[in-house]
Structures are given as C-alpha cells and as structure tokens.
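Okay, so here's the structure we're looking at.
Just so it is clear, none of the values below were taken in a lab; they were calculated from the coordinates. In this text, all values refer to a predicted model and were calculated from it rather than measured experimentally. A quick note on method: Cβ atoms are made from the backbone with ideal geometry, for glycine too, and the neighbour counts reach across all protein chains shown.
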Amino acid sequence: MYIEVKNASKRYKVGGKDAVVLDNVSLDIEKGEFVCLLGPSGCGKSTLLNVLAGFEKLESGSVKIDGAEVVSPSPKRITIFQNYGLLPWRNVLKNVELGLEPRKLEKDRKRKIAQKYIDLVGLTGLEKQHPRRLSGGQQQRVSIARGLAVQPEIIFMDEPFGALDAITRMKLQDDILKISREEKKTIIFVTHDIEEAAFLADRIVVMMANPGRIKSIVKVPLGDHRDRTSEDFLYVRDKIFELFNLKADSYIEYYI
Ligand SMILES: Nc1ncnc2c1ncn2[C@@H]1O[C@H](COP(=O)(O)OP(=O)(O)O)[C@@H](O)[C@H]1O
Ligand SMILES: [Mg+2]
C-alpha cells in the first residue's frame, strides 16, 4: 500500500485535561487516489493531515509512505492551506518559481515550468501581478500552481477553498478535479463540506470528534467527470448526508 496509517494515536493537553485527537486511526491509501477527510471541526482532520505531511508526530502508531516511516516533511509532497501562503512582495511568476529555486535550474527552464502551471490553473496574463491585486480565488490558484510546479507525488490540502465564496469555490473544485485526474496525483484533501467531498473524492474518510476517529470510509461510485446537477451525484451526496445522521459508528468501508 502506498500510504499506510496504522493505529495512529495522539493526545493534546487542553485546559489540564487530555483530549484524544486521534484514537487508533488506521487507513490505507493507494497511489493516485483522491481521498477526502471529512468531518466536523475539531475531529482531528488537520492533525491527521499534518502527521501524514510530516509536520506533527504521533504518540503511538505509525505512518508510512512508500514503505518508509514519515518523520519529517518531504520535498516530494506539498501542502496547500486555506490562507494561500504567498509572498506579497513577489509577483505571480516569482511566487510559482519559489518551489523550484532549491533545484538550481537555469532561468529559462524555471520560467518555462512555472508558466506551464500558471497556464494550467488559468492565470495566463497575470504573471506580473502581485498577490494583493488578485482575488482570493486567483491567489489560491497561484498557490496550487506553485505546488504543482515542483511535481510532487502527493498533494495535501487543508480546507483550501474554505475562505472563498460559493461560486469561486465551485470553479476551483471543477479545476482541481480535472487537474487531479490529468496529473494523476495522490491528493489528500481536508474538508467539512459534504458536497465538496462527494464532488471530489474517490473515497471519503468520515471522521468524528471526541475522540477523533474514523467513523466510516465511503467509496464514491462516480467517474472522473462529475456533474453537480446529475441524478447520480445527487444520489451519492444524499447518501453521505444520511450517513452523517447515523448515530452509532457504522461499518468501515461503506458501499453506496
Ligand atoms: N497544538 C495543539 N494544542 C492543543 N490542542 C490542539 C492542538 N492542535 C489541535 N488541537 C485540538 O485537537 C483537536 C483536533 O484539531 P484539528 O486536527 O485541528 O481538527 P479539525 O481540523 O478536524 O478541525 C481540536 O479539539 C483542537 O482543539
Ligand atoms: Mg482543521
């Protein structure tokens, strides 16, 4: 298995008391899968993602990627957050080139790669603009282009569209779906939005809080091209809504 999480557990001290943020979480992810971690705020989604990305350590259990224990972040994996993380003094092109700089490529080569991903995310013509002149959606596109430009094996995304208005969010969802299928990346995407998860994921890992755990794993029986108005999509979305209303922890691996 490409990504293997085994009995991952982690606690934080909150107000003198122990809070179990991850309680014996186990999860396997295949190469090329688009997996959404879905659940209410505080259920440990970001913690699990940060552990996978190598930013945080477990108390017990293990996380392996490609057979190797994850102990620190890797340049082969990138993380995209909600707040874009752009450098305000750099223009779009220079922001996208940022991740390529450690590679010491020739200037032209670097520019060509950056341009390819700027075009891919639909920002052609805005290369010389600075982030403050761009909308939130455009800024997040820069951040996505910068991530893709380093040609990572895995992309971690933590509520990347959370700060965007509904229409911009849908456009970015359309694009990230298309890009993920074309570029065949493994994507682990955190969201608390059921509809977003149903639209994007191959599998949805449904999490619950107190203690933070996996409630169920839903395989999304939709193809690569998805349509929010189709009967198939609405059926799947409604099934996931129903799953959230089930009180008891249900079956691991839930087939719609
Ligand atoms: N550094 C920290 N110190 C103490 N508690 C934390 C820390 N990070 C997260 N928590 C707590 O862990 C729980 C899960 O957090 P998080 O993984 O951010 O959840 P989610 O992303 O699902 O909203 C929350 O109750 C949060 O308050
Ligand atoms: Mg979070």
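Descriptive notes on the structure:
- Antiparallel content of DSSP bridges confined to the chain, in %, to 5: 50
- Taking a straight line from the alpha carbon of K184, these aspartates and glutamates sit under 12 Å away, with near neighbours fewer than eight places off in the same chain left out: E30, E33, E153, D224.
- Separation in nanometres of the label points that stand 7 Å from Cα toward Cβ, at R109 and D174: 3.7
- Listed by chain and number, the aspartates and glutamates whose C-alpha is less than 19 Å from the C-alpha of K94, apart from same-chain residues fewer than 8 away, are E106, D108, D119, E127.
- Reachable aspartates and glutamates from K13, criterion Cα separation under 16 angstrom, eight or more residues apart if same chain: D23, E56, E59
- Hypothetical label at D66: residues of region 1-24 whose amide nitrogen lies under 12 Å (7 Å Cα-Cβ projection): 2-3
- Value at 222 nm in deg cm²/dmol, rounded to 500, when DSSP H runs of n ≥ 4 in the chain each add -39,500 (n - 2.57): -10000 deg cm²/dmol
- Its Cα gyration tensor gives region 1-130 an equivalent ellipsoid, and the semi-axes of that ellipsoid, as √(5λ) in whole Å with the largest first, are 35, 18, 14.
- Globularity index of region 77-152, i.e. its alpha-carbon radius of gyration over 2.2 N^0.38 Å: 0.97
- Low-density loop positions, chymotrypsin sites (Phe, Trp or Tyr not before Pro), region 44-96 - DSSP coil, at most 14 other Cβ in 10 Å: W89
- R0 of 30 Å, Cβ-Cβ distance K128-K31: FRET efficiency to nearest 0.05: 0.20
- Peptide packing for 98-109, 188-199 was compared via the average number of neighbouring C-beta atoms within 10 Å per residue; ordered from the highest value, the list is 188-199, 98-109.
- Pairwise centroid distance, computed over Cα atoms, of region 192-251 with region 84-107, Å: 36
- Whole-number D in µm² s⁻¹ for region 55-183, Kirkwood Cα-pair radius fed into Stokes-Einstein, 37 °C, 0.692 mPa s: 211
- Over the chain - Rg/Rh using Cα atoms and the Kirkwood inverse-distance radius: 0.98
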